[in-house]
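Let me begin by presenting the structure, written as structure tokens, before commenting on it.
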Amino acid sequence: MRTTFWQALAVALGLALAGTGADAQGLGDAVRDAGSAVARMRAGNIEVKDISLGGKDGTSMVIGRAAFAGFTREGGTVVANRLAIENVTATVASQTWTIPRVTLDEVRIPEELYRALTEGAAATRPWADLFREIAADQATIETITVTDKALNSEQVLSGFVLTRLARGVIGTARLTSIALTSAPDPKQPVRMKTGAVRYQDLDLGEGFRVLAGGGDGTAKRVMTSASIEGMEITVPTATVRLGAYEIGAVTLAVPAEPMPADLSVLAARLQAGEQPDQAVVAKLVRWYRGLLRGLRVETVAFRDIVATGPDVDLKVAGVSLAGIVPSGFDLFEIKGIDFKTPDGPVRLGRLAIEKASFGALLDLGLDTAESGKDPEIDPSKILDLLPHIGALRLAGFDAVLPDGPVTLGGFDIELDRPGRLPERLALAVSRLAVPVVPGDTPDGREQLAKLGYKVLRGDLNARLRWLPADKALVLDNTFLAIDEAGRVDTAVRLDGVDLTAALADPDHADEILEGQAKLGGIEITIADLGFAERFFADLAKSSGATPQAVRDRLATEIRAQAAEAFGTAVSPAALDKLAAFIRRPGKIVVKASPRPGQVVKMADFDALGPKILERMRIDIEITPPR
């Protein structure tokens, strides 16, 4: 919505104040006479009609009638039992606001503000500070209708009631409903309607200061909470329904400069497809920087989302954001996603993104908008512009695909990036189950099906760490495990990995890494969990030999091939252990590292051969099956 409920509150109360500021001679005389006579004097009921107000920026307002009941002056405060303002029409840029009636009960207005509004007297204090001294027990607005010619829209806010306005803060505010129709493109109208809207501790005084400026950068809470009980949005192709929309505490810092008056003009020009004035854009960007600096929203949540239409059937239990600032958020979470496909239903229990930060990218966008020029980005700084994400998580995936049902217990990616470069990347896939259905292409599924596998269930884990102090890259805690098949664990260490130097010189990064990186060690562990027995049984069946004869033959062949391939890097005793593992698969651990005093650089692996293997040592250990 272009016009928010917060804006509606601010404008409505502003109109109420403007009603007291009509240049009516009778009202002004009554106040002056009362003030000169006694400190407290009841003037009774006062009525002012046909008030017209205008602003230098083209805004205008007409008030049909403003009536004070029980008008009183108490020392430095003007008091009225009731202030009723009727038939208000205001125009701001392309918007027109229409309010049939505004009623404020038990109103208290500081004398300085009242005199400035009614008599034109100069105010010695900022208007926002004077507004904070206004008090009212209750304000009621039957309807607020906002039409926007630029957007071809109409918005109706109904049944507005606020209580306990004091020091610029509304204790509670409630709207019965909001209804919106917008059709910038007449062929694509958008309609929206809501249930009750509620706000708690809404600081309109601070909101007015955002418009007036004068802030010192100190962040302050401007709202404790807000909620909408039900919302429906309809477009030609779909309807979206929300059970609830909730916002937690909001804090912001008032900018030092007032909001530029050119904002509405710029919005109108952009809406019309016209080229904006760059000087105006630059001024607005500078103001927005100040506004964004202290903005924080604790939580935003959507509950019970349902989207329906000819091509969509989607349900979402909830969508939420937490710890929101302009440069990122602490947590984005979607729960209970259900939708239908031609093959069957799809469900995702949870999708979450943790600790996202994109401040550098935001600054680049603001800098570009302010200058009006395309950014010049140093290649060595590109990594700094990339968003930071602490973790991505999926859980509870269940789908029916053409080959059958697929399930996933969890998928997690974690990234630690304390500096310019990540220092830990972790991946985990748990309880993945996929059907084994032979395909049209030879991708191994046919062989797996032949071995008797109908569903593959497994887990995957990987962790890659960069140790800046050691200039080392380490792969550890990494494995692939498949039920009734086997498990493979891998660990690798590379030394001499200077990622900082490579990042500082992107044009020569490959040369730096390949020229300096060297092998520290490799360790691979393979544990048989049932695959070997199936494999040997299938070979025996196809060859007509016994399973043990197949094992013995393969053990002899693989030992000979390993001896030829790795030469002196593998001892005869290690080759014997390899052959023993083939005969009776249990667990085998293979370790490869440079011989003492030898160096094996990563660039050497491009030409892997006897000269490199002579500098390496390969050890093998086995554990027989239980």
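The values are calculated or read from the model by the stated rules, or taken from the named source; none is laboratory data. Everything numeric here is computed off the predicted structure, so don't read it as measured data. FYI the Cβ positions are ideal-geometry reconstructions off the backbone, even for glycines, and counts take in every protein chain you see. For accessibility, only protein heavy atoms count, side chains too; no ligands or nucleic acids. Shrake-Rupley method; radii C 1.70, N 1.55, O 1.52, S 1.80 Å.
The table below gives the values:
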item	result
Residue pairs meeting the criteria (Cβ under 6 Å; at least 6 apart or on separate chains; first farther than 28 Å from residue 133 by Cα and touching a residue at least 40 places away in the same chain (Cβ under 8 Å), in the range 149-176; second part of a strand (DSSP E or B) and polar (S, T, N, Q))	151/182; 153/182
Search result, residues across the range 287-330 that are within 12 Å of the chain's Cα centre (by Cα) and assigned to a loop (DSSP other than H, G, I, E, B)	326, 327
Cross-chain or 6+ apart pairs with Cβ under 7 Å, the range 535-564 first and free of Cβ contacts under 8 Å to residues at least 12 places away in the same chain and farther than 14 Å from residue 584 by Cβ, then open to solvent by 70 Å² or more (accessible area, probe 1.4 Å) and of a type outside the set (Gly, Ala, Ser)	540/546
Only one of 132, 115 that is open to solvent by less than 30 Å² (accessible area, probe 1.4 Å), of a type in the set (Lys, Arg), at pLDDT below 85 and farther than 30 Å from residue 152 by Cα	132
Extreme residue, surrounded by the fewest Cβ atoms within 10 Å (Cβ to Cβ), among residues of the range 403-412 that are assigned to a strand (DSSP E or B) and touching a residue at least 24 places away in the same chain (Cβ under 8 Å)	405
Lone qualifier among 275, 200 - being out of contact with any Pro (no Cβ under 6 Å at 6 or more places or on another chain), part of a strand (DSSP E or B) and surrounded by fewer than 19 Cβ atoms within 10 Å (Cβ to Cβ)	200
Qualifying residue in the range 434-442 (condition: open to solvent by 40 Å² or more (accessible area, probe 1.4 Å), within 30 Å of residue 587 (Cβ to Cβ) and under 34 Å from the mean Cα position of the chain (by Cα))	yes
Near pairs, Cβ below 8 angstrom, 6+ apart or cross-chain, from the range 206-218 (within 9 Å of residue 255 (Cβ to Cβ) and modelled with pLDDT under 80) to any residue that is assigned to a loop (DSSP other than H, G, I, E, B) and among the aromatic types (Phe, Trp, Tyr)	none
So residue 191, is it out of contact with any Cys (no Cβ under 6 Å at 6 or more places or on another chain) and surrounded by fewer than 18 Cβ atoms within 10 Å (Cβ to Cβ)	yes
Members of the range 473-502 that are within 22 Å of residue 594 (Cα to Cα), at pLDDT 95 or above and of a type in the set (Gly, Ala, Ser)	491
Among the candidates 380, 371, 327, residue that is crowded, with 16+ Cβ neighbours inside 10 Å, polar (S, T, N, Q) and touching a residue at least 12 places away in the same chain (Cβ under 8 Å)	327
Matching residues, the range 224-255, being among the hydroxyl-bearing types (Ser, Thr, Tyr) and within 30 Å of residue 289 (Cα to Cα)	224, 225, 227, 245, 251
Candidate set: the range 270-280, residues that are closer than 21 Å to residue 91 by Cβ and at pLDDT 70 or above; chosen: the one farthest from the chain's Cα centre (by Cα)	274
The range 419-457, subset touching a Leu at 6+ places or on another chain (Cβ under 6 Å) and assigned to a strand (DSSP E or B), residue nearest to residue 383 (Cα to Cα)	425
Residues located in the range 352-370, provided they are over 16 Å from residue 381 (Cβ atoms) and β-branched (Val, Ile, Thr)	353
Positions within the range 144-156 being of a type in the set (S, T, N, Q), open to solvent by 40 Å² or more (accessible area, probe 1.4 Å) and either modelled with pLDDT under 90 or touching a Leu at 6+ places or on another chain (Cβ under 8 Å) (or both), in sequence order	152
Single condition residue 445 does not satisfy, out of (1) surrounded by 15 or more Cβ atoms within 10 Å (Cβ to Cβ); (2) charged (D, E, K, R); (3) out of contact with any Pro (no Cβ under 7 Å at 6 or more places or on another chain)	(3)
Looking only at the range 203-219, and only at residues there that are open to solvent by 60 Å² or more (accessible area, probe 1.4 Å) and assigned to a loop (DSSP other than H, G, I, E, B), the one that is farthest from residue 157 (Cα to Cα)	216
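Okay, residues lined up against (1) out of contact with any Ser or Thr (no Cβ under 7 Å at 6 or more places or on another chain); (2) outside any strand (DSSP E or B); (3) at pLDDT 95 or above; (4) closer than 13 Å to residue 522 by Cα:
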site: 596; (1), (2), (3), (4): yes, yes, no, no
site: 603; (1), (2), (3), (4): yes, yes, no, no
site: 606; (1), (2), (3), (4): yes, yes, no, no
site: 612; (1), (2), (3), (4): yes, yes, no, no
site: 617; (1), (2), (3), (4): no, no, no, yes
site: 620; (1), (2), (3), (4): yes, no, yes, yes
site: 626; (1), (2), (3), (4): yes, yes, no, no
